[in-house]
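Undergrad: Input: one structure, supplied below.
We did not get these values from a lab; they are worked out from the coordinates using the rules stated. Predicted, not measured: the structure shown is a model, and the values here were computed from it.
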Amino acid sequence: MRKFLIIGLFLTSLFTFGCSGGSTQVTQTDLPASSYDTYAVANYQIQYPIGWKVKRDFTSNIEKSTDVAFISNVKEIFFTSTATVAVQQISDGVLVKDFAQGIIDQNEKTLLNYEVIDRQELAIGETDSTFLIQFRGKLRPEDNLIEYFQTYRTKGNTGYVVTGAHDPNGDPVLATRLLEAVSSFRIR
């Protein structure tokens, strides 16, 4: 299990760099406190399912830009669902959609069997938006496919990539909770 958890954290942190599809408007809302805890630091906040482990200290296998990971308390068939927040230095003034597209392009180049499942526009605030991407892929031919949810934000010279990863053959309720957590990310 530890091997799959390390691989999962590596994959979700790697795709802090992560498609084509329709553009549906999704609006951010607060998730119910009865089902979600809130993790907040000076620059951002995110909600995650109650009972999930919060991890801030990582081994050398994890991408250095990973700031925090949320690890499911439910082991699926071959993978434990995780969500990560990665923080990157970017050029001041980079538009969130340009930053997002760069990450999406890198995901497409890096993953094998890359497939976009959905691409939506996510409203952030009253005047800005970003993308929420759902895709599948794997790093090596022998790996199982992993399904990802990914969204992006920028503020000043900082870029944020929020990635959720789960077993595509696993519990759909768990996948929904992961998607809701990724979508809840906000800049403070």
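Undergrad: Need the list of aspartates and glutamates near K97 for cross-linking: C-alpha distance under 17 angstrom, and skip anything on the same chain fewer than eight residues off.
TA: Answer for K97, where 17 Å is the Cα cut-off: D105, E108, D118, E121, E126, D128, listed by chain and number.
Undergrad: E76's amide H: which non-local residues (gap 5+, or another chain) put their own amide H closer than 5 Å, with H modeled 1.01 Å from N in plane and none for Pro or chain starts?
TA: S81
Undergrad: Still on this model: Under the rule a/c < 1.5 gives rounded, and otherwise a/b versus b/c splits prolate from oblate, where does region 93-137 land using the Cα gyration tensor?
TA: oblate
Undergrad: For region 105-181, just say rounded, prolate or oblate: build the C-alpha gyration tensor, square-root its eigenvalues into a ≥ b ≥ c, call rounded for a/c under 1.5, and beyond that prolate if a/b exceeds b/c, oblate if not.
TA: Here region 105-181 falls in the oblate category.
Undergrad: Here's something else I'd like to know. What are the lysines whose alpha-carbon lies under 25 Å from the alpha-carbon of K55, with same-chain residues fewer than 8 places away excluded?
TA: Within the straight-line limit of under 25 Å, K55 reaches these lysines: K3, K64, K75, K138, K155.
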